[in-house]
Amino acid sequence: EAGVAQSPRYKIIEKRQSVAFWCNPISGHATLYWYQQILGQGPKLLIQFQNNGVVDDSQLPKDRFSAERLKGVDSTLKIQPAKLEDSAVYLCASSFFRGLDEQFFGPGTRLTVL
Amino acid sequence: AQSVTQLDSQVPVFEEAPVELRCNYSSSVSVYLFWYVQYPNQGLQLLLKYLSGSTLVESINGFEAEFNKSQTSFHLRKPSVHISDTAEYFCAVSDNSGYALNFGKGTSLLVTP
């Protein structure tokens, strides 16, 4: 069974530029999560989707971050414009259903903002 | 809201020695607790979890954790570690208000010969 796929793996941009990350969850998984992991910290949930609907985006900085999951499968996370403090690893995870199902994580995208 | 404190950022240990990675949580409601592991150059993966029932839970590779409600702890233990256990370990807590995972900062376990 294929795991959670993410691309790109690495991205370097200048501050105030835009960037987008892509995630393809495990087939059949209804719930998709985006986490931000700053160096030296644990992952922090940014947004949670159930199929193509948003369940929780309370920690998403909506003035610059946006995410969508239009067909209930793959998802994109966008930052526009990026700030220095956005440098982090962005992790995508999926689970079969919402709740306490195991979350399966992708390899992450490491973003460096200069 | 729930939060997790991992008391040790790094734990160096010799191979075949026992190890304990500490995790304390704060929450005003019923909680569910998890340990995730990240091996070098790999993604996060679930090691073990406590949802209900027996307070002692085990993983397939010899780790165990005990849910202690009175001490609000969920420490991870292994009686004899291997070099291959070298990894970053994250404790996480969730509750039934949203099921989102709140992670600790992680503990880096380094096993040396």
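How big is Rg to Rh over the protein assembly as shown, alpha-carbon atoms, Rh as the Kirkwood inverse-mean-distance radius?
Working: Rg = 17.7 Å, Rh = 18.2 Å.
Ratio of gyration radius to Kirkwood radius: 0.97.
Which residues, if any, in the stretch B:73-96 lose at least 10 square angstrom of accessible heavy-atom surface (probe 1.4 Å) when the other protein chains sit next to their chain rather than the chain being alone?
SASA drop of 10 Å² or more in the stretch B:73-96: B:Phe90.
DSSP loop trypsin sites (Lys or Arg not before Pro) in the stretch A:58-114 with at most 14 other Cβ atoms within 10 Å of their Cβ, which ones?
Here the sparse-neighbourhood loop sites are A:Lys62, A:Arg64, A:Lys71, A:Lys83.
Of A:Lys44/B:Lys69; A:Lys11/B:Lys105; A:Lys15/A:Lys62; A:Lys62/B:Lys49, which pairs sit farther than 27 Å apart, going by alpha carbon to alpha carbon? Please report the intermediate quantities before stating the final value.
On the way: A:Lys44/B:Lys69 24 Å; A:Lys11/B:Lys105 24 Å; A:Lys15/A:Lys62 17 Å; A:Lys62/B:Lys49 32 Å.
Where the Cα-Cα span goes over 27 Å, the pairs concerned are A:Lys62/B:Lys49.
At 1.4 Å probe size, with no ligands or nucleic acids counted, give the accessible surface of A:Glu85 in Å², nearest ten.
Using a 1.4 Å probe on the heavy atoms, I get roughly 110 Å².
Under a Cβ-Cβ cut-off of 15 Å, what is the net charge of the residues other than B:Ser30 that fall near it, where Lys and Arg count +1 and Asp and Glu count -1?
+1
Work through the residues other than B:Thr107 whose Cβ is under 15 Å from its Cβ and net out their charges, Lys, Arg +1 and Asp, Glu -1.
Values: positive: B:Arg22, B:Arg77, B:Lys78, B:Lys105; negative: B:Asp8, B:Glu20, B:Asp85, B:Glu88.
Local charge sum for B:Thr107: 0.
Suppose the Debye formula is applied to equal point scatterers at every Cα of the stretch A:13-98; what is log10 I(q)/I(0) at q = 0.13, 0.22 Å⁻¹?
Debye intensities relative to I(0), on a log10 scale: -0.39, -1.05.
Can you give the charge dipole size of the protein assembly as shown about its Cα centre, rounded to the nearest 20 debye, using +1 on the beta carbon of Lys and Arg and -1 on the beta carbon of Asp and Glu?
So the magnitude is around 780 debye.
Need one value: the accessible area of B:Leu44 in square angstrom, 1.4 angstrom probe, rounded to the nearest 10.
Roll a 1.4 Å probe over it and B:Leu44 shows about 10 Å².
I'm a student and want to see the number: the projected area of the Cα convex hull of chain B, averaged over all directions, in nm².
Details: hull surface 27.1 nm².
Taking the Cα atoms of chain B, their convex hull projects to 6.8 nm² on average.
Can you tell me, using C-alpha contacts under 8 Å and at least 6 residues apart, the relative contact order of chain A as a whole percent?
The normalised contact order for chain A reaches 37 percent.
The values are calculated or read from the model by the stated rules, or taken from the named source; none is laboratory data. Just so it is clear, the model here is predicted, and its values are computed rather than measured. All Cβ positions, glycine included, derive from the backbone under ideal geometry; neighbour counts span all protein chains shown. Accessible surface is based on the protein model in full, side chains and every heavy atom, while ligands, DNA and RNA are left aside. Shrake-Rupley method; radii C 1.70, N 1.55, O 1.52, S 1.80 Å.
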